[in-house]
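The values are calculated or read from the model by the stated rules, or taken from the named source; none is laboratory data. Being a predicted model, the structure only gives us computed values, none of them experimental. Glycine gets a Cβ as well: all are built from the backbone with ideal geometry, and neighbour counts include every protein chain shown.
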Amino acid sequence: MEYRPAVAADLRSIRTVASAGWHAAYDEILGQSAVETTVETWYSETSLQSRIESADNEFLVGADAGEIIGFVDGGPTSDGPCEAAVSALYVHPDRWNEGIGSALLERLFKRFQSAGYDDVWLAVLEDNAVGRAFYESHDFEVHRRQSTELPAGSAIELLLTHKL
């Protein structure tokens, strides 16, 4: 496994991982069409390119034999309970439970700590049992429950926090 900063050439593979992860986690919760709309909006090439190129954002990928199988990104934020946020963390479902998500999260946390952050937050849909279990296993705690607007409708999400 190789873990490294994302580059523009990774865009298509990152979108593939995001799509596979969203469909695996959310098709039964939101419906396939809603998932496709959300992925197209949140993980457009323009959006991803902006996040990769942002000097404030950390965007890391995990690759196996050159193939991107996971990614994490995050950075400073002013719209949550902490000064830093995990914006996205996805691993291709074919590779779940191999420690890739944990390795990506650990690397992001180290970068956050180096930047002087003491804690971090993220949002996960309340009905995403797989995601919630993963974050709970990494000592995230529920900060608040709230309604959120997705590109294809509304849902209930949990804001989780973690001390670095």
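Tabulated data
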quantity: Pair list, Cβ < 6 Å and 6+ apart or interchain, from the range 28-43 residues that are under 9 Å from Pro151 (Cα atoms) to residues that are modelled with pLDDT under 90 and part of a loop (DSSP other than H, G, I, E, B); calculated: Ala34/Ala152; Thr37/Pro151; Thr37/Ala152; Thr38/Pro151; Thr38/Ala152; Thr41/Pro151
quantity: Sole residue being at pLDDT 95 or above and either surrounded by 17 or more Cβ atoms within 10 Å (Cβ to Cβ) or of a type outside the set (Gly, Ala, Ser) (or both), chosen from Glu149, Glu67; calculated: Glu67
quantity: Which listed residue is part of a strand (DSSP E or B), of a type in the set (Gly, Ala, Ser) and buried (at least 16 other Cβ atoms within 10 Å of the Cβ), from Ala85, Ala103; calculated: Ala85
quantity: Lone unmet requirement of (1) charged (D, E, K, R); (2) surrounded by fewer than 18 Cβ atoms within 10 Å (Cβ to Cβ); (3) under 16 Å from the mean Cα position of the chain (by Cα); (4) not in a helix (DSSP H, G or I) for Glu157; calculated: (2)
quantity: Of the criteria (1) buried (at least 16 other Cβ atoms within 10 Å of the Cβ); (2) farther than 29 Å from Arg144 by Cα, which one Met1 fails; calculated: (1)
quantity: In the range 113-137, the residues that are of a type in the set (A, V, I, L, M) and assigned to a helix (DSSP H, G or I); calculated: Ala129, Val130, Ala133
quantity: Number of the exception - Val120 against (1) without any contact (Cβ under 8 Å) to a residue 24 or more places away in the chain; (2) touching a His at 6+ places or on another chain (Cβ under 7 Å); (3) not hydroxyl-bearing (Ser, Thr, Tyr); calculated: (1)
quantity: Total residues in the range 109-122, condition surrounded by 23 or more Cβ atoms within 10 Å (Cβ to Cβ) and under 23 Å from Val17 (Cα atoms); calculated: 1
quantity: In the range 2-45, the residues that are in a loop (DSSP other than H, G, I, E, B) and on the phi < 0 side of the Ramachandran plot; calculated: Ala6, Val7, Tyr43, Ser44
quantity: Where a residue in the range 81-108 is farther than 12 Å from Phe71 by Cα and its partner, wherever it lies, is surrounded by fewer than 17 Cβ atoms within 10 Å (Cβ to Cβ) and aliphatic (A, V, I, L, M), with Cβ under 8 Å and at least six apart; calculated: Ala84/Ala115; Trp96/Val130
